[in-house]
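This report refers to the structure that appears directly beneath it.
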Amino acid sequence: MRDPVILASGQTYDRPFIQKWLNAGNRTCPQTEQVLSHTILTPNNLIRDMISQWCKSQGIELPNPVMDGKEEGVTEAERDRFFSLLDKLCAALPQQKEAAKELRMLTKKMPSFRALFGESVDAIPQLLTPLSGSKSESGVHPDLQEDVITTLLNLSIHDSNKKLVAETPMVIPLLMEALRSGTIETRSNAAATLFTLSALDSNKALIGKSGALKPLIDLLDEGHPLAMKDVASAIFNLCIIHENKARAVRDSAVSVILKKIMDGVLVDELLAILAMLSTHQRAIEEIGELGGVPCLLRIIRESTCERNKENCIAILHTVCLNDRTKWKALREEESTHGTISKLAQDGTSRAKRKANGILERLRRAVNITHTA
């Protein structure tokens, strides 16, 4: 250490390194993970004197700490600018548009500006004012909505902001509104924001309970190329927790996803979601009813992607366990193409296990029939 400073948590760090940590938008102590009450760095004179004495005894010259203004994060002028822009969001439309565009740019380029939103209790509600306060017949101006939603996306990138953003009361409803009615970039960025926020399990539950899966699935159904990946990523993340799987199935995710897979759209990502949903009983029934079995068998036969084959056979294994009426189709595929036994030999370890499980089930069924 050359310039020891004390953080709000009481821990001591070398100034350049802890300043870099804070400038990146982090608002926790790296060592204790405690949320910081403030970001003021206090010089630790005791440690500095110890370092100075040690340097003298070793014959080493202690360099003066470099006081670089750029390392100090947000200047007072920048902080004043930040609050001035928030105030403009409550003004007339031209000022709102100008302020929202600048905040979008600043939160994209400067991590320290993202952190400023976490320091002020009212900052995020003020950011949302143009969207939540618009009651005119024409609704929100599209560019203004896009800039505000994209600023939310920029804020949610930092782990220390995720909980705060998601738990601000109007955030999720306004993201859902943006999924339904914004420009395609707004809709895509709203999906990306939900994906980023859903990194926290508590946020997954909150977003699911708010009903956000339905507009995500509707946007997936629309199939706009610009939005598809962000939407699929958000749905995948949300469905990691069990209660959201049930919500997704109820909101027609299986039929939408199967249709896209059959059309060859975003097959890798959507197969991963379908495999996750296949632990739900109703999802398995829908896969059988909607012609999913021949589609999945064709992908195993034709795909060169091992992960896709693994997801397909995992889904088929669950189908096999739960729906005897599909055994005939599996048996015919095996006798005509040897698809399942090939995967049992050459697939990933999980794919081999699932394929062998299906083959064993089919063999047992034949033996029972012969015995009868």
The stretch 21-37, residues that are open to solvent by 30 Å² or more (accessible area, probe 1.4 Å) and part of a loop (DSSP other than H, G, I, E, B): Ala24, Asn26, Arg27, Pro30, Gln31, Thr32, Glu33, Gln34, Ser37
Pairs, first within 13 Å of Gln11 (Cα to Cα) in the stretch 32-57, second outside any helix (DSSP H, G or I) and open to solvent by 90 Å² or more (accessible area, probe 1.4 Å), C-beta under 9 Å, six or more apart: Asn44/Met1; Ile47/Met1
Those helices (runs of 4 or more DSSP H) lying entirely in the stretch 256-308 with at least 3 residues closer than 16 Å to Ile217 by Cα: 267-277
Residue within the stretch 191-204 that is at pLDDT 95 or above, within 28 Å of Val293 (Cα to Cα) and part of a helix (DSSP H, G or I) present: no
Test result for Leu316, without any contact (Cβ under 8 Å) to a residue 24 or more places away in the chain, under 24 Å from Ala248 (Cβ atoms), among the hydrophobic types (A, V, I, L, M, F, W, C) and surrounded by 14 or more Cβ atoms within 10 Å (Cβ to Cβ): no
Residues of the stretch 8-20 that turn out to be under 22 Å from Ile157 (Cα atoms), of a type outside the set (A, V, I, L, M) and surrounded by 16 or more Cβ atoms within 10 Å (Cβ to Cβ), as a count: 1
Verdict on Glu98 being open to solvent by 80 Å² or more (accessible area, probe 1.4 Å), over 23 Å from Arg27 (Cα atoms), at pLDDT 85 or above and not in a loop (DSSP other than H, G, I, E, B): yes
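Tell me the residue from Leu226, Leu220 that is assigned to a helix (DSSP H, G or I), within 21 Å of Asn189 (Cα to Cα) and either among the small types (Gly, Ala, Ser) or open to solvent by 50 Å² or more (accessible area, probe 1.4 Å) (or both), please.
Leu226
Let's see how each residue does on (1) modelled with pLDDT of 95 or more; (2) open to solvent by less than 50 Å² (accessible area, probe 1.4 Å); (3) under 21 Å from the mean Cα position of the chain (by Cα); (4) outside the structural domain of Ile217 (by the TED database):
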| site | (1), (2), (3), (4) |
| --- | --- |
| Leu127 | yes, yes, no, no |
| Glu146 | yes, yes, yes, no |
| Leu152 | yes, yes, yes, no |
| Ser156 | no, yes, yes, no |
| Pro169 | no, no, yes, no |
| Pro173 | yes, no, yes, no |
| Leu179 | yes, yes, yes, no |
| Arg187 | yes, yes, yes, no |
Qualifying residue in the stretch 326-340 (condition: on the phi > 0 side of the Ramachandran plot, surrounded by fewer than 21 Cβ atoms within 10 Å (Cβ to Cβ) and free of Cβ contacts under 8 Å to residues at least 40 places away in the same chain): yes
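The values are calculated or read from the model by the stated rules, or taken from the named source; none is laboratory data. Every value quoted in this text rests on a predicted model; they were computed, and no experiment measured them. Positions of Cβ are generated from backbone atoms using ideal geometry, with glycine treated the same way; all protein chains shown enter the neighbour counts. Calculation scope for accessible area: heavy atoms of the full protein, side chains included, ligands and nucleic acids excluded. Shrake-Rupley method; radii C 1.70, N 1.55, O 1.52, S 1.80 Å.
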